[in-house]
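Presented below is the structure to which this report refers.
The values are calculated or read from the model by the stated rules, or taken from the named source; none is laboratory data. Just so you know, these numbers come straight off a predicted model, no measurement behind them. Note that each Cβ is placed from the backbone with ideal geometry, even for glycine, and that neighbours are counted across all protein chains shown. For accessibility, only protein heavy atoms count, side chains too; no ligands or nucleic acids. Shrake-Rupley method; radii C 1.70, N 1.55, O 1.52, S 1.80 Å.
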Amino acid sequence: MTIKDTAEEWQITATATPFVGNKTSVRTDDVVMPGGAVARRDYQVHPGSVAVVALDDLGRVLVIRQYRHPVRQRLWEIPAGLLDIPGENPLHAAQRELYEEAHVKAEDWQVLTDVYSSPGGCDEAIRIFLARDLSEAEGERFEVYEEEADMELARVPLDELVRGVLAGELHHNCLVAGVLSLVAAERGDGLDTLRPAEAPWP
């Protein structure tokens, strides 16, 4: 038996958008269930995101610490951002986020994993890249604002991040998925077998 997610779309009898925000909205669909009954489903409509596990030559991962108001915590995360420019290539978006948040560039890019952040209530899809062969970006640093204005930046050994995830000390979904996927790839068939950076992402 092959374990693989598959595309499927159940019949929708009515739809509405009761809220439209700056970057996301909320949609309400009336969906026909397998038995024929109709159930109402509310979910956040999201443009999608990219994130970057930036791994340096010493085996450290570049992480940032940022305040996240919905959970009232300052979280350690990997560089990430929205696909909020229509038609933007996901790899280019990831390269932009790494530059803007860490003022770093990378020469070697691969796809680490693809995840849905919360598929029961949001359609956000996230592509997490592995970036290696890091160097400082040239020119002036990108101007930051709002929560990013007091962001902290660190390079942390991969094993320490894994320990923090398993100890319940690190919670950001992209960091958790990215770090554990990196360890699985290293201990499995190796990083050279990861998908190329431009791999299809439907």
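Restricting H69, H46, H103 to those that are open to solvent by 50 Å² or more (accessible area, probe 1.4 Å) and of a type outside the set (K, R) reduces the list to H69. Looking only at segment 54-95, residues that are within 21 Å of P202 (Cβ to Cβ) and part of a strand (DSSP E or B) come to 3 in all.
For segment 96-112, a tally of residues being aromatic (F, W, Y) and assigned to a helix (DSSP H, G or I) returns 1. Between P86, P119, P90, P79, the distinction of being surrounded by fewer than 16 Cβ atoms within 10 Å (Cβ to Cβ), under 15 Å from the mean Cα position of the chain (by Cα) and either under 23 Å from V162 (Cα atoms) or not charged (D, E, K, R) (or both) belongs to P119 only. Do we find that E198 is at pLDDT below 95 and open to solvent by 40 Å² or more (accessible area, probe 1.4 Å) in this structure? So E198 fails the test. Scanning segment 16-43 for residues that are among the β-branched types (V, I, T) and either closer than 22 Å to N173 by Cα or open to solvent by 90 Å² or more (accessible area, probe 1.4 Å) (or both) yields V20, T24, V26. Pairing residues of segment 68-82 that are free of Cβ contacts under 8 Å to residues at least 60 places away in the same chain and more than 17 Å from V104 (Cβ to Cβ) with residues that are open to solvent by 50 Å² or more (accessible area, probe 1.4 Å) and not in a helix (DSSP H, G or I), at Cβ distances under 7 Å and at least 6 apart in sequence or on separate chains, gives R74/R65; R74/Y67; L82/K23; L82/P47.
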